[in-house]
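The values are calculated or read from the model by the stated rules, or taken from the named source; none is laboratory data. Just so it is clear, the structure is predicted and the values come from calculations on it, not from any experiment. When we count neighbours, we look across all protein chains shown, and the Cβ atoms used for this are built from the backbone with ideal geometry, even at glycine. When the accessible area is computed, the model is the full protein with side chains, heavy atoms only, and any ligands, DNA or RNA have been set aside. Shrake-Rupley method; radii C 1.70, N 1.55, O 1.52, S 1.80 Å.
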Amino acid sequence: MTRNGAYLKCSAVHVATGLEVSAFGPVAEPKGLERIAIAKLKRALLSR
């Protein structure tokens, strides 16, 4: 996770395919942001 002011950027990478997704959200919710990034990665893998 990378902090940018009041926001966090969370990136999730699928090692086997190199697919990367990012999610942005408030600093106060890092665990929720992590869940969103993982869900986005799963959704992106299913659409491949």
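Quick notes on this structure:
- All positions within region 1-16 that are exposed (fewer than 10 other Cβ atoms within 10 Å of the Cβ) and β-branched (Val, Ile, Thr): Val15
- Counting only strands (runs of 3 or more DSSP E) that fall entirely inside the chain and contain at least 3 residues that are among the aliphatic types (A, V, I, L, M), the qualifying elements are 7-14, 19-26.
- If you filter region 17-31 down to residues that are free of Cβ contacts under 8 Å to residues at least 24 places away in the same chain and farther than 18 Å from Gly5 by Cα, you find that the one that is least open to solvent (accessible area, probe 1.4 Å) is Val21.
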